[in-house]
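Below you'll find the structure, written out as structure tokens, and then a few comments.
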Amino acid sequence: MNERKIIDRKLLSDLATEVRLNASHLEALGESRQWEIVVGVDMLERMVEIQHQFERLAVMGDDEYRGFYIEVPRPTPEEWGDAEELIASGEYDSRETFLADWLAFNPMEARWFHVASNRYGDSRSIRITDRKHTHFIITNRSKCTDAEPDDTWCRENLTRLFDYLERMIDVIVANPDGFNDYVAHNLPYQQRIGRIAQREFNRIMPNFKIEVEDRETAIKALEDSVHGLSAPLLETMTIRKYCAYFRIANEVYENYHRKRGFRGRIHTDPQDVPEELRDMVYYKRKKFVDVMEMYDIDSPEDFIRFATDHYGELGLSRLNIFASNYRQQGWKIVVSNSYSANAGLAIEVATALYKAGAPLLIYDAKKLLRILLEEDSVRLVPYSYHNYMGYQEEGAVYELPWEYECSDDTNSVLTKEQYKEIVSNAEWQDIEQVKW
């Protein structure tokens, strides 16, 4: 029978020490080029044994999914490097500079990771993440290459990890409630998912609040799009008409970034081009497509040929401005914003097109309106890059930094006080519970 133990940081650290495992070993395993570590023969047998140990826990999802968090101590200075040898080689001039580097590379006393075991038919995998990035996947079948298994470079660290997981499962099975309670109270907030009222978040972090040049018109544009109160549809669409709208949108786009420090080239109209052709010349300079050479710019049929994928994308931000006659007897100009980070920019672009009298459809207008009116919530996520607005109920997202990164230093992303306020005012999702 497994011995029921009180689960705390010392216990988890002692388990890792028993098998000589620390966070740097997991980082080393994550240095595989394809994230995959394909195992064979004896290491595969050991992996199968560990997955049989996972089966002592209740299934938590499809493909025999079972998972739990682990807390692994950072390497000691002695484990991280031989200070005397490094000083002798000239890499460091003193033990103090060595220790300063050790602390800079290992700022947290312990690192949290999530371990997930899956099995589907003959395919097996154990995935290690920090809920922000996938560090590595141990598998018997690669999705990236047909090469034969080669685990010689990582056998020692894999053995450490397997030994540790075996001990961890013993502890969890003996005291699942104690384990769940420890994770719920100690998992860093950076690795959790939560939400905080937009108004409250903006109070704590005023720089996050979206400010627009013409708030009244922006609200009207969004409200009209929500309620389908568009300007009259255009009977036809041509390249000439589209390029005029593209130019309005792109000039707002560039001005928006210029105000935030981006030093892009300011476009000036060439003097030898007639006024009626300048929008097409502008489009050519921005998209590198000479529409006047390739198409009849006043032909509705040629517009259809021209309107291929991404023809209206601004920059590389996934903010698209395109014309559509989908399910309607006429044409609208569509503002399609993908990323949460583009909310303020999308509102400014849409407002400019609205002022120009464009028959406008703004995707996610309801979310953008709630953000502007501070009626939304901000979703707190471990990883915000490429977070699409359609992925969650909330329109805005924020990636909370690690607590150790917060200080009163002017270069800090958050002060400690701001961090504590966000954490205390947020609603946090329940942490995944393990059962047996």
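The values are calculated or read from the model by the stated rules, or taken from the named source; none is laboratory data. Note that the structure is a prediction, hence the values are computed from the model and not measured. For neighbour counting, all protein chains shown are included, and Cβ atoms are generated from backbone atoms with ideal geometry for every residue, glycine included. Remember, those area values only see protein heavy atoms, side chains included, never the ligands or the DNA or RNA. Shrake-Rupley method; radii C 1.70, N 1.55, O 1.52, S 1.80 Å.
With a 10 Å radius around each residue's Cβ, average the other Cβ atoms per peptide and rank 384-393, 66-75, 271-280, 196-205, highest first. Mind dumping the intermediate values first?
Numbers: 384-393: 14.1, 66-75: 21.3, 271-280: 12.0, 196-205: 18.4.
Most protected by this proxy first, the peptides run 66-75, 196-205, 384-393, 271-280.
What number comes out for the charge environment of residue 217, summing +1 per Lys or Arg and -1 per Asp or Glu over other residues with Cβ under 11 Å away?
-3
Quick one: if you take sqrt(5λ) for each eigenvalue of the C-alpha gyration tensor of region 18-65, what semi-axes come out, biggest first, whole angstrom?
Details: eigenvalues 99, 44, 39 Å².
Each semi-axis is the square root of five times an eigenvalue, giving 22, 15, 14 Å.
Enumerate the whole-percent occupancy of each 10 Å bin, from 0 to the last occupied one, for all C-alpha pair distances of region 100-223.
9, 23, 27, 18, 14, 8, 1
I need the fraction of alpha carbon pairs in region 63-144 separated by more than 14 Å, rounded to a whole percent.
Numbers: 2347 of 3321 pairs.
Value for region 63-144: 71 percent of Cα pairs lie more than 14 Å apart.
At each listed q (0.12, 0.19, 0.20 Å⁻¹), what is the log10 of I(q)/I(0) that the Debye formula gives for region 154-220 modelled as equal alpha-carbon point scatterers?
-0.63, -0.93, -0.98
Using the Karplus curve 6.51 cos²θ - 1.76 cosθ + 1.60 with θ = phi - 60°, work out ³J(HN,Hα) for each residue of region 113-127 in order, rounded to whole Hz, and write x for Gly and Pro.
10, 10, 10, 10, 10, 9, 8, 9, x, 8, 8, 10, 7, 10, 10
How would 410, 268 line up by accessible area, probe 1.4 Å, largest first? Let's see the in-between values first.
On the way: 410 135, 268 95 Å².
Descending order: 410, 268.
Region 237-332: D in µm²/s via Stokes-Einstein (Kirkwood Rh, Cα pairs, 25 °C, 0.890 mPa s)?
On the way: Rh = 14.3 Å.
After rounding, the answer is 172 µm²/s.
Please find, in a Gaussian network model of the chain (springs between Cα atoms separated by less than 10 Å), the residue of 231, 28, 88 whose mean-square fluctuation is greatest.
Among 231, 28, 88, the largest GNM mean-square fluctuation belongs to 88.
So if I take the centroid of the Cα atoms in region 215-268 and the same for region 58-134, what is the distance between those two points in Å?
Between the Cα centres of region 215-268 and region 58-134 lies a distance of 47 Å.
So for the chain, what percent of the C-alpha to C-alpha distances run longer than 39 Å? Show your work: numbers first, answer last.
Working: 39834 of 94830 pairs.
For the chain, the fraction of Cα-Cα distances above 39 Å is 42 percent.
Enter the mean projected area of the convex hull around the alpha-carbon atoms of region 346-434, in nm², rounded to one decimal.
Details: hull surface 34.2 nm².
Dividing the Cα hull surface by four gives the mean projection, 8.6 nm².
Rounded if a/c is under 1.5, else prolate if a/b is larger than b/c, else oblate: which is region 1-119, with a ≥ b ≥ c the root eigenvalues of its Cα gyration tensor?
Judged from the Cα gyration tensor, region 1-119 comes out prolate (a/c at least 1.5, a/b above b/c).
Expressed as a rounded percentage, what relative contact order does region 1-85 have, with Cα pairs under 8 Å and six or more residues apart?
Taking the mean separation of contacting Cα pairs over the length of region 1-85, I get 47 percent.
For the pairs 132/366; 367/435; 241/366; 220/241, flag any whose C-alpha to C-alpha distance is greater than 31 Å.
From 132/366; 367/435; 241/366; 220/241, over 31 Å: 367/435.
Relative to the longest principal axis of the C-alpha atoms of the chain, give the angle of the C-alpha long axis of helix 155-174, reported between 0 and 90° and rounded to the nearest 10°.
For helix 155-174, the angle is close to 80 degrees.
Can you tell me which of 289-295, 20-26 comes out highest on packing, and rank the rest after it, using the mean Cβ neighbours within 10 Å? Could the numbers behind the result be given before it?
Details: 289-295: 14.9, 20-26: 20.0.
Listed from highest to lowest mean packing, they are 20-26, 289-295.
Can you order the peptides 240-252, 102-114, 129-141 by their average number of other Cβ atoms within 10 Å per residue, highest first?
Order by mean packing, descending: 240-252, 129-141, 102-114.
Can you tell me the orientation of helix 239-258 relative to the chain, as the angle in degrees between its alpha-carbon axis and the longest Cα principal axis, to the nearest 10?
50
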